[in-house]
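Asks: Got a structure for you, questions after.
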Amino acid sequence: MRIAIVVDWLVTYAGAEKVLEQMLKVYPNADLYSLVDFIPEGKRDFILNKTVTTSFIQKLPFSKKKYRSYLSLMPLAIEQLDVSKYDVVISSSHCVAKGVITGPDQLHISYIHSPIRYAWDLQHQYLRESGLDKGIKGWMAKRILHKMRLWDYRTSNGVDYFLSNSDYIGRRIWKVYRRESDTIYPPVSVKDFDLQIEKEDFYVTASRMVPYKKMDLIVEAFSTMPDKTLYVIGTGPDFNKIKSKVTSNVKLLGYQEFSVLKDYMQRAKGFVFAAEEDFGITPVEAQACGTPVIAYGKGGALETVRGLDQERPTGTFFKEQTVDSLKAAVQVFEENYQHINPNNCRDNALTFSEERFRNEFRDYVENKVREKWGTENLMLNH
């Protein structure tokens, strides 16, 4: 059976691309489709150096750096990708990939990282952060997003089965599309992190410095706790804003190579995570090092971190994205630190491994193939 995998865009190697990498390890003979492909030579191993079929956006002016500016054209562009010759179409979607057109004799499984965040429940937040919440440009942006919602809902009918990357996203899929989904957690490279039992008396956080990651909140909270040391790894648009809040006990390290990030994660007393994420890979990576997590108690973190009220806890949560709530969580964390075993953190992280993803994904796809065609003899193009 012939398989196509459709993604939104290929411009970097991040969370969605790590999912694609594992999908291709399951089905290496699948053909790959994307709105644009700007992965440079020498960095294409994760897509098995495949030739990618792209949309007309690939050739539009400035698309290499400004492809997001063509958001209003993306629904049209994804619909122009011709996947009619394939038996099985797998879309990996956080924007428009799920809208690829398939027929009644094709099986379309869509792995949803999130319904289009900036078009649905996070629209107002994104418009504010982009300065598009008022004025003529704001009105135009809202009009585009309104049309995007109509298109996004309509095209959900073209998907046979939805996969979500967390139960949290599964609830968002139900809210937006009124469709059931099954959760297969994304793959985390836990094998790249080593367990370290002995910890030092400091905390660490690491993320791209953009508003929704709430790195400024973490820095501000620790700036009011001078007896606690925090190391901050990452860079981004909010770097200068965060730098202005730093006190002597907070160390801003900027961008660091993976080896440095891993070293701090292994030695830290705790990893601090303040974002509301769809899944959230870094808290799992920290736990793979045996390092417990202090996380905002909403979104995917509730599924990847075991709170103090559970058996074999791996961290604790704060209820609000405020300085006082985070400070209170740090206090609770330190009072209960002896109850959190690094081995339990590591064991929890291993349940999100790459191998686990490949096995679950393969079983899911092949079960749906058997259900559709009603035979054990159909062979997928591995």
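Asks: Under 9 Å from the Cβ of residue 185, count the other residues' Cβ atoms, weight Lys and Arg +1, Asp and Glu -1, and hand me the total. Mind showing how you got there, number by number?
Replies: Working: positive: 356; negative: 303, 360.
After counting each charged neighbour, the total is -1.
Asks: Please order 205, 235 by the number of other Cβ within 10 Å, starting at the fewest. Before the final figure, lay out the partial values.
Replies: Working: 205 26, 235 16.
Going from least to most buried by this count: 235, 205.
Asks: Taking amide H positions as placed 1.01 Å from N in the peptide plane, with prolines and chain starts having none, which residues 5 or more places from residue 317, or on another chain, fall under 5 Å of its amide H?
Replies: For residue 317, whose amide H was placed from the backbone, the distant partners under 5 Å are 295, 308.
Asks: Okay, next question. Where does the chain land on the Kirkwood hydrodynamic radius, alpha-carbon pairs, in angstrom? Don't skip to the answer; put the middle values down first.
Replies: On the way: mean 1/r = 0.0453 Å⁻¹.
Final number for the Kirkwood radius of the chain is 22.1 Å.
Asks: On C-alpha positions alone, give me the angle between the axis of helix 15-26 and the longest principal axis of the chain, in degrees, nearest 10.
Replies: Result, in degrees: 50.
Asks: So how many Å³ per residue does the convex hull of the Cα atoms of region 190-350 work out to? Could the numbers behind the result be given before it?
Replies: Values: hull volume 15.6 nm³, N = 161.
Hull volume normalised by residue count: 97 Å³.
Asks: To the nearest 20 debye, what charge dipole does region 66-211 have about its Cα centre, counting +1 at the Cβ of each Lys and Arg and -1 at the Cβ of each Asp and Glu?
Replies: Details: 21 positive and 17 negative charges, 217 e Å.
The calculation lands at about 1040 debye.
Asks: A follow-up question, please. Compute the angle between helix 323-335 and the longest alpha-carbon principal axis of the chain, please, reported from 0 to 90 degrees and rounded to the nearest 10.
Replies: 70
Asks: List the trypsin sites (Lys or Arg not before Pro) within region 291-361 that DSSP assigns to loop and that have no more than 16 neighbouring Cβ atoms inside 10 Å. Write down the numbers at each step before the final one.
Replies: Numbers: sites: 298, 306, 319, 327, 346, 356, 358; in loops: 298, 306, 319.
Loop-located and lightly packed - 298, 319.
Asks: Now, a different point. Mind sorting 244, 325 by how few other Cβ atoms lie within 10 Å of their own Cβ, fewest first?
Replies: 244, 325
Asks: Checking the table 18/50; 245/327; 214/319; 298/368; 199/298 against a 20 Å threshold on Cα-Cα, which pairs fail?
Replies: Numbers: 18/50 15 Å; 245/327 16 Å; 214/319 14 Å; 298/368 32 Å; 199/298 27 Å.
Table pairs above 20 Å Cα-Cα are 298/368; 199/298.
Asks: Please give the calculated 222 nm ellipticity per residue for the chain, where each DSSP H segment of at least 4 residues contributes -39500 (n - 2.57) and the sum is spread over every residue; nearest 500 deg cm²/dmol?
Replies: Details: 14 runs with 139 residues, N = 382.
Theoretical 222 nm ellipticity from helices: -10500 deg cm²/dmol.
Asks: For the residue pair residue 311 and residue 343, what label-to-label distance in nm results when each label sits 7 Å from Cα along the Cα-to-beta-carbon direction?
Replies: Distance between label points: 1.6 nm.
Asks: Hey, what did region 190-350 get for relative contact order, percent, Cα under 8 Å, at least 6 apart? Intermediate values should be presented prior to the final figure.
Replies: Numbers: 340 pairs, mean separation 39.2, N = 161.
Computed over region 190-350, the figure is 24 percent.
Asks: Which percent of Cα pairs goes in each bin when the distances of region 2-127 are cut into 5 angstrom slices starting at zero?
Replies: Answer for region 2-127: a P(r) of 2, 11, 21, 24, 22, 13, 6, 2, 0 percent.
Asks: Could you state the angle between the C-alpha long axis of helix 167-177 and the longest principal axis of the C-alpha atoms of the chain, as a value from 0 to 90 degrees rounded to the nearest 10?
Replies: 40
Asks: First select every other residue whose beta carbon is under 14 angstrom from the beta carbon of residue 44; then total the charges, Lys and Arg +1, Asp and Glu -1. Intermediate values should be presented prior to the final figure.
Replies: Working: positive: 43, 50; negative: 17, 21, 37, 41, 45.
Overall, the nearby charge balance is -3.
Bear in mind these aren't lab numbers, they're just calculated from the coordinates by the rules spelled out. This structure is a prediction, so every number in the text was calculated from the model and none was measured. Here Cβ is always computed from backbone atoms with ideal geometry, including for glycine, and neighbour counts include all displayed protein chains.
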